[in-house]
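The block underneath contains the structure these notes are about, expressed in structure tokens.
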Amino acid sequence: MSASKPKLSPNVGVHPAYHKEATSAKPIEVMPLPPLLRVSMSQHLGKPALPVVKKGDTVLRGQVIGEAAGFVSAAVHAPTSGAVKDVAEAPTAGGIMALAVDIAPDGRDAWAPAVEENRRKRADLLARLRDDPAAARKEVVAAVADAGIAGMGGAGFPTHVKLSPPPDKPIETLIINGAECEPYLTADDRLMVERAAEIWQGALIIQAALGAKRVRVAVENNKPRAAAAMGAAVADSAGDCAVVMLETMYPQGAEKQQILAILGREVPSGGLPMDVGVVVENVGTALAVRDAVVNGRPLTERVTTVTGPCVAEPKNVLARLGTLYSDLVAFCGGFARPPCKIVSGGPMMGLAQSGLDVSTAKTTSGLVALPRELVGAFVSMPCISCGRCVEACPSGLMPCELSQMLEAEDYEAAAGCNVADCIECGCCAYVCPARRPLVQHMRRGKAWVAAQRRKP
Amino acid sequence: MSAEPAAVSLIVSSSPHAHSGASVRRIMLDVIIALVPALAVGLYLFGWNALRLVVVCVSACVLIEALCRKAMGRDPGVGDLSAVVTGVLLAFNLPPALPGWMAVIGCVFAIAVAKQIFGGLGYNPFNPALVGRAMLLVSFPVHMTTWAVPARLASVLEPARTAVDAVTMATPLGWAKTSLSAGNALPLALDSVATAWEFFAGFKPGCIGETSGLALLIGAAYLLYRRCIGWQTPVFFVGAVAVFAAILWRVDPARNLHPVFHVLTGGVMIGAFFMATDMVTSPVTRAGMAVFGAGCGVITMLIRAWGGYPEGVSFAILLMNAVTPLINKATRPRVFGHGRRK
Ligand code: SF4
Ligand code: SF4
């Protein structure tokens, strides 16, 4: 089945300058092993993993170095073979401290024997998924959990949790999210262009595991090569599978907005995609699932777009998890000019960094270095009620009103006006002529609501 | 090459890290640009008098804004150009012959009372230029309703001019209202298509900036293109005036002006496109803008038909400004995931 006509989203959002041309035509480059990998135990949403190695241990690639701390958590594996130099707290991209395992690679990059065992054990899993899906499903979910896979689009939700919907929430549709609506980022775009067949195989594995009838690959129509590659991969599949072209508009990659655009279904407030019979997985996640099931390999690397006007040679880099940002930047030729802001992720929702001593995680889709003229200091003014934020908000909120309530610390009023439904997409602040820190206000409001809900 | 950033200089702030580049200053500049065609017509029709009032109002507004902000210990804050916009709009709503010192009093009310006392741009509930104009209308009713005859007035109004007063005359609205309340029939000249076009182009007595619907529309088109105003406000405003006037006219064509003239005379065009669309004092939602516009139109016609003044645009907008917060609350959009989708 081929790509269908572009579908409109809920038609709410913004059209930021995309700047993807710096890296969209550049093939993924494999980064050589750096001298040190700092592997964080907190690379996903949920509880950080518990380290199971100590200083002085030697590890092999794919060996578990952090065990999942409960169901909503994810295991962490050694990204290469080498010696554990330290287990200590280190900063994460989110600005908090978390335990991390420092590994000095030995250069052999030898896989742990468990990987080969898993591969052999799962050799007939694909066939069994076809013939007796009900029995094989559990095995897929276990393989995904073993591999420590977490949503690679940026949110980092543990994938095995998404693949285990409760029995009363049947999944009808699987959406493979290749929208990549954040400006600058091209990691998913390149993955689709270069590894479409493998992504699609991963998608079919997830589909079988969920028992979903329908698969949609969502691509924004500014990525024609990716759409064509995915279309070719999808073409041979039987069943209700298709690539859908989404109108290029931010935030088309946001789960709930994407489900509305493709299926016309609206996830209820506070709910999850599974409430409307949908699971959304990022293309990188699909690839990781395939690697786990077919090759027995846990998640030890990912593609990160290192870009922005300050980077000398912007690239799509396939780097081991735990690669220090400073090594990533050095691999891309260093800085051509001094950056004023370094963002982990995309510029709309990414996290500003205070330095380059943070290392890549399962969620690190990009590293964007921006110059002063794009992010220079500005003063925030009183709201002039222009209404642009209201028009841009994909959640249907009135950011101007909420921000005034939150500035006045009237949290009850903000909660009553559904501040909890904000997805922190940043559209409001992007369009605000008064440069109000709207998202910052929303976060405060959401934190208050979350705290209220935790209270007995 | 070094991968070491000058770590100290990195900005760490909340997302988003991209911005559209929109600014308050740019929006105000766009409004000023959009007012240029109407200004040109005003200068052409009223000459030096118009220029004098625009210069007086703009300089007075900027100066008063700077003084107020200084007195309140804030930065001068005139860089956002909003005081310039207020100055031009106030001048546009004044009769060309008004003495300069009166205009300055209007500016004081507009900037000091209507805007800065409330906290400055963004906090003012009422359109500052309209507050200035309303205060002048109440304080100097004679001056505010005496109209110098434009140097290049169209021939249609010649008979009326000679019949009424050789030097000054009422606006067509005032003239019609006086005529009607005196029990006379409406001047027939007002019903011709040619007159309608002349009115539309701006050849009629009136305030400096309000006479030419054509020039105002050109400016408004620019504002729509720049997304500085929503179409709902002016369309519902003008639409409500037209519908209301059409009903009156159908009921009694002899005692009511043709709807086209209601739309083209007085302040409807400038009010609908430039005063009611003032961001700060009008609703933020599209539905709210429609309600706001319609409300302005209806109140304008109520005043014109039954009120004491021949013109009602300013008061209509000020009244609607007062209910803007209510309209905002009543027209909040449906939040994603709440309620049912069809
Ligand atoms: S209020 Fe929240 S959901 Fe709405 S535009 Fe702003 S960040 Fe996005
Ligand atoms: S975009 Fe900014 S100035 Fe405009 S209404 Fe929203 S908060 Fe106010």
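Derivation of every value follows stated rules applied to the coordinates shown; laboratory data play no part. Everything quoted here is computed from the prediction, not taken from an experiment. Don't worry about glycine lacking a Cβ; one is built from the backbone with ideal geometry, like all the others, and counts go over all protein chains shown.
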Checklist entry - Given A:Lys26/A:Lys121; A:Lys138/A:Lys223; A:Lys47/A:Lys169; A:Lys26/A:Lys446, which pairs have Cα atoms separated by over 30 Å? => result A:Lys26/A:Lys121; A:Lys138/A:Lys223; A:Lys26/A:Lys446
Item to check | Residues of type aspartates and glutamates that A:Lys85 reaches as a straight line, Cα spacing below 17 Å, ignoring anything fewer than 8 places off in the same chain | outcome: A:Asp57, A:Asp102, A:Asp106, A:Asp109, A:Asp357
Checklist outcome for this item: Taking Lys and Arg as +1 and Asp and Glu as -1, residues besides A:Met274 with C-beta under 13 Å from its C-beta add up to -1
Checklist entry - Roughly how big is the range A:340-456's charge dipole about its Cα centre, with Cβ charges of +1 (Lys, Arg) and -1 (Asp, Glu), in debye to the nearest 20? => result 300 debye
Next on the checklist: So for chain A, averaging the separation of alpha carbon pairs under 8 Å that are six or more residues apart and normalising by length, what relative contact order in percent results?
Outcome noted: 19 percent
Checklist entry - What per residue convex hull volume, in Å³, do the alpha-carbon atoms of the range A:316-456 yield? => result 140 Å³
Item to check | Percent of C-alpha pairs per 20 Å bin, chain A, short to long | outcome: 25, 59, 16, 0
Checklist entry - Once whole DSSP H runs in chain A are found, which of them have Cα atoms spread over 15 Å or more along the helix axis and a mean Kyte-Doolittle score of at least 0.0? => result A:133-146, A:187-210, A:224-235, A:283-295
Item to check | Share of Cα-Cα pairs in the protein assembly as shown lying beyond 38 Å, as whole percent | outcome: 50 percent
Checklist entry - Between A:Cys241 and residues 5 or more places away or on another chain, which pairs have amide H atoms under 5 Å apart, with H built 1.01 Å from N, and which residues are they? => result A:Val215
Next on the checklist: Can you compute the charge dipole magnitude of the protein assembly as shown about its Cα centre, using +1 on each Lys and Arg Cβ and -1 on each Asp and Glu Cβ, nothing else charged? Give it in debye, rounded to the nearest 20.
Outcome noted: 700 debye
Checklist entry - log₁₀ I(q)/I(0) of the range B:1-135 at q = 0.09, 0.20 Å⁻¹, via Debye over equal Cα point scatterers, no solvent, to two decimals? => result -0.35, -1.13
Checklist entry - Once you list every other residue whose beta carbon is under 14 Å from the beta carbon of B:Arg286, what net charge do they have if Lys and Arg are +1 and Asp and Glu are -1? => result +3
Item to check | Amide hydrogen neighbours beyond the local backbone of A:Gly396, cut-off 5 Å, H modeled | outcome: B:Phe336
Next on the checklist: Can you list residues from other chains, or at least 5 along the same chain, whose modelled amide H is less than 5 Å from the amide H of A:Phe157?
Outcome noted: A:Leu45, A:Gly151
Checklist entry - Within 10 Å of each Cβ of A:370-379, how many other protein chain Cβ atoms are there on average? => result 2
Item to check | Mean ellipticity per residue at 222 nm, deg cm²/dmol - from DSSP H runs of n ≥ 4 across chain A, formula -39500 (n - 2.57) | outcome: -9000 deg cm²/dmol
Checklist entry - Given B:Ala66, B:Gly288, A:Ala112, which one lies farthest toward the positive end of the charge dipole of the protein assembly as shown, if we put +1 on the Cβ of every Lys and Arg and -1 on the Cβ of every Asp and Glu? => result B:Gly288
Checklist entry - In percent, how large is the relative contact order of the range B:24-144, given Cα pairs closer than 8 Å and 6 or more residues apart? => result 26 percent
Item to check | Integer Hz, Karplus 6.51/-1.76/1.60 couplings in order for the range A:366-380, x for Gly and Pro | outcome: x, 9, 10, 9, 10, x, 4, 5, 8, 9, x, 4, 8, 9, 8
Checklist entry - Using θ = phi - 60° and the Karplus form 6.51 cos²θ - 1.76 cosθ + 1.60, what ³J(HN,Hα) does each residue of the range A:412-427 get, whole Hz, x for Gly and Pro? => result 4, 4, 5, 5, x, 9, 6, 4, 5, 7, 5, 9, 6, 6, x, 4
Checklist entry - Which one of B:Val78, B:Tyr123, A:Ala429 is farthest out on the positive end of the charge dipole of the protein assembly as shown, using unit charges on Cβ (Lys, Arg +1; Asp, Glu -1) and the Cα centre as origin? => result B:Tyr123
Checklist entry - Where Lys and Arg each count +1 and Asp and Glu each count -1, what net charge lies around A:Gly284 among other residues with Cβ under 13 Å from its Cβ? => result -3
Item to check | Cβ-placed point charges (K, R +1; D, E -1), dipole of the range B:24-144 about Cα centre in debye, nearest 20 | outcome: 120 debye
Next on the checklist: Which one, A:Tyr184, A:Pro224, B:Ala215, projects farthest toward the positive side of the charge dipole computed for the protein assembly as shown from Cβ point charges (K/R +1, D/E -1)?
Outcome noted: B:Ala215
Checklist outcome for this item: D (µm²/s, integer) via Stokes-Einstein for the range A:1-114, Kirkwood Rh across alpha-carbon pairs, 20 °C, 1.002 mPa s: value 126 µm²/s
